[in-house]
Every structure is written in C-alpha cells, then in structure tokens.
Amino acid sequence: MSPLELALNIGVVAVTLAVLLCAVRLLRGPTITDRVLALDTLYMNVLALIVLLGIRWNTPLLFEGALLVAMLGFVATVALARYLSRGDVVE
C-alpha cells in the first residue's frame, strides 16, 4: 500500500466520522441555529468525501459532482439563512 492510498483511507474514515457527527447534531440540535450550522458543515463534509473518493478511484466524474454539490449547498444555505432572518426567500 502506497503512502497516498494510506492517506486517502485515513481521510475517508475521518470525513465519514465527521459526516456522522454532523448528522447527529442535525437531528438532535437544541436550536435552529445549531441545525443550520450542522447542515452547512454536513454538505461541506460530503463535498470533501466526494473529492477524496474521486482521487482514490481516479474518476473525473466525481469532481463534477462535487462542483454541483458545492453550488447547491451554497444556494441552500443562503436561502435558509434568509428565510430564518426575514421570513421569506424572495421579496
């Protein structure tokens, strides 16, 4: 096993653990702010997991998927924050 494969395996395990912890905070968060932050962190961790798997499997298709997840996650976070602060998304 090469050092790169070892580092990718450790990275996948670490990011998977982070995804699980964010999911717990998303489900059990005492306030809505905790849940929004957990959701934002969750999509960033999923993005990191997609990129790590793209490097590991040497597939450029996963990098395009990561770009789509990043764009949708950003728009969703902005829309949710605007909804919680103003009560509507579009004026």
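The values are calculated or read from the model by the stated rules, or taken from the named source; none is laboratory data. Being a predicted model, the structure only gives us computed values, none of them experimental. Please note: Cβ atoms are built from the backbone with ideal geometry, for glycine as well, and neighbour counts cover all protein chains shown.
Applying the set (1) in contact with a Gly (Cβ under 9 Å, 6 or more places away or on another chain); (2) closer than 28 Å to A81 by Cα; (3) not charged (D, E, K, R) to G54 leaves exactly one unmet item: (2). Counting only residues that are of a type in the set (D, E) and part of a loop (DSSP other than H, G, I, E, B), region 37-88 holds 1 of them.
Checked against (1) surrounded by 15 or more Cβ atoms within 10 Å (Cβ to Cβ); (2) at positive phi; (3) not small (G, A, S), N58 passes all but condition (1). Return yes when R86 is free of Cβ contacts under 8 Å to residues at least 24 places away in the same chain and surrounded by 14 or more Cβ atoms within 10 Å (Cβ to Cβ) and no when it is not. Considered against the rule, which asks whether it is free of Cβ contacts under 8 Å to residues at least 24 places away in the same chain and surrounded by 14 or more Cβ atoms within 10 Å (Cβ to Cβ), R86 comes out as no. Could you check, for region 26-34, whether at least one of its residues is among the small types (G, A, S) and in a helix (DSSP H, G or I)? The answer is no; no qualifying residue exists.
Residue-level analysis places L20 among those that are out of contact with any Ser or Thr (no Cβ under 6 Å at 6 or more places or on another chain), at pLDDT 95 or above and at negative phi.
Candidates in region 10-36 are the residues that are surrounded by 13 or more Cβ atoms within 10 Å (Cβ to Cβ) and free of Cβ contacts under 8 Å to residues at least 12 places away in the same chain; of these, the one that is nearest to L67 (Cα to Cα) is A14.
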